[in-house]
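Worksheet: one structure, shown below.
The values are calculated or read from the model by the stated rules, or taken from the named source; none is laboratory data. The shown structure was predicted, so the numbers you read here are calculated from the model rather than taken from an experiment. Using ideal geometry, Cβ is built from the backbone for each residue, glycine included, and neighbour counts are taken over all protein chains shown. Each accessible area value is taken on the protein alone, full model and side chains, heavy atoms only, with ligands, DNA and RNA left out. Shrake-Rupley method; radii C 1.70, N 1.55, O 1.52, S 1.80 Å.
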Amino acid sequence: MAKLTKKQKEAASKIEKNKLYSLKDAAALIKVIASAKFDESVDIAVRLGVDPRKANQMVRGVVTLPHGTGKDVKVLALVTPDKEAEALAAGADYVGLDDYLQKIKDGWTDVDVIITMPAVMGKLGPLGRILGPRGLMPNPKTGTVTMDVAKAVQEVKAGKIDFKVDKTGIVHAGIGKVSFGAEQIYDNAHEIIQTLIKLKPTAAKGTYIKGIHLTSTMSPAIALDPKAV
C-alpha cells in the first residue's frame, strides 16, 4: 500500500474514523481538507443495493446540477447543415457531420459529450467500438439524440450529466469543484442523490442506498450517513 504524503495524513486526521457525516457537514469538510494547488474536482460515489447484471435492476439517468459541474464541457454536435447554426448559437464547441465522423474514425475523441439527431445515428453505429468505451455514444435516454439540438447543448453546458450504475453497484459522478461554496456542493450532491432515489427499481429489495462517499481529487473519502442527506 502506498504511503500517505504529509498533506494526505493531515487531511485524513480531520476526518473522524468510523463517523458517518451528514451531507451538509461533508460538503463543508471537503473544502477544509482539500490542499492541492489546483481547483480539485468534487466527486460522489453512491453504492446501491441493486444487481446491475439484471436488466430490471439497472439504474441509469440524467440530472441537471443546480450549480453546474464547474467544468468547461466540450460539446460536439453531429448535425445536418440545417441544424449547424442552431447548435453553434447554443454554445456547441464543434459542429459538423462527415468531417467529424472521419476524425472520430481516425481516433479523435477530444470531447466530453456528443449530441446528434435521430437521422444521424445510423452513421454513428460503426463508430460504437470507439465511442462506447469512452462513454461518448449518444443515447435517446440521456437526451443526446434529439431534434431539439439547441436545447440539448444548452442543458449540457448548464450542468446536465448522465450517470449509470457500474458492475459493482456504484454510481460515480463529478458534482463540482472545491472552489464552490459548501452550499453549492450540498445542492449538487443532494440533487443527484434524490434523483437516484426516484429511480429505484421496483425489483430492488432491501436497503437501496447502502453507502455514500464524497471525495475531492487529492483527498481521502468522507463517508456519509444515507439517512442524513
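Calculated [222 nm] ellipticity per residue, helices only, for the chain: -9000 deg cm²/dmol; basis is -39500 (n - 2.57) per DSSP H run with n ≥ 4, divided by all residues, nearest 500.
Remark: spin-label model distance residue 168-residue 85 equals 5.0 nm, labels positioned 7 Å along the Cα→Cβ axis.
To the nearest 0.05, how large is the calculated FRET efficiency for residue 141 and residue 32 if R₀ is 35 Å and r is the Cβ-Cβ distance? Taking R0 as 35 Å, the efficiency between residue 141 and residue 32 is 0.40. Helix 149-158 and the longest principal axis of the C-alpha atoms of the chain enclose an angle of approximately 20°. Each residue of the stretch 203-214 was assigned a 3J(HN,Hα) from its phi angle through the Karplus curve 6.51 cos²θ - 1.76 cosθ + 1.60 (θ = phi - 60°); the sequence is 7, 6, 10, x, 5, 8, 8, 8, x, 9, 10, 10 Hz, with glycine and proline shown as x. All other residues whose Cβ lies under 11 angstrom from that of residue 49 are scored, Lys and Arg at +1 and Asp and Glu at -1, for a net of +3. Placing unit charges on the Cβ atoms only, positive for Lys and Arg and negative for Asp and Glu, gives the chain a dipole magnitude near 1220 debye about its Cα centre.
Dipole orientation for the chain: of the candidates 146, 213, 114, 213 has the Cα lying most toward the positive pole (charges on Cβ; Lys, Arg +1; Asp, Glu -1). Placing +1 on the Cβ of every Lys and Arg and -1 on the Cβ of every Asp and Glu, with no other charges, gives the stretch 127-229 a dipole of roughly 420 debye about its Cα centre.
Scalar couplings 3J(HN,Hα) for the stretch 45-51, obtained by applying the Karplus form with A = 6.51, B = -1.76, C = 1.60 to θ = phi - 60°, are 10, 10, 8, 9, x, 10, 10 Hz; x denotes Gly and Pro. Nonpolar atom fraction for the stretch 73-150, defined as the carbon and sulfur part of the 1.4 Å probe accessible area, stands at 53 percent. For Kirkwood radius over Cα pairs in Å, the value computed from the atomic coordinates appears in the list (i) 19.2; (ii) 18.5; (iii) 18.0 under label (i). Averaging over all projection directions, the Cα-based convex hull of the stretch 73-150 occupies 4.6 nm² in the image plane. The charge dipole of the stretch 1-99, taken about its Cα centre with unit charges on the Cβ of Lys, Arg, Asp and Glu (plus for the first two, minus for the last two), comes to roughly 1140 debye. Computed from the Cβ-Cβ distance with R0 of 22 Å, the FRET efficiency linking residue 39 to residue 158 stands at 0.70.
To the nearest 10 degrees, how steep is helix 182-198 against the longest Cα principal axis of the chain, on a 0 to 90 scale? The helix 182-198 is inclined about 70 degrees to the chain.
For the residue pairs 74/227; 71/105; 17/210; 6/37; 74/141, alpha carbon separations beyond 24 Å are given by 74/227; 71/105.
With all protein chains kept in place, the per residue accessible area of the chain amounts to 54 square angstrom at a probe of 1.4 angstrom.
Considering only 46, 88, 137, and ranking their Cα positions along the charge dipole of the chain that arises from unit charges at the beta-carbon of Lys, Arg, Asp and Glu, the one farthest toward the positive end is 46. Averaging the Cα positions of each part gives two centres, and for the stretch 11-77 and the stretch 120-171 these lie 20 Å apart.
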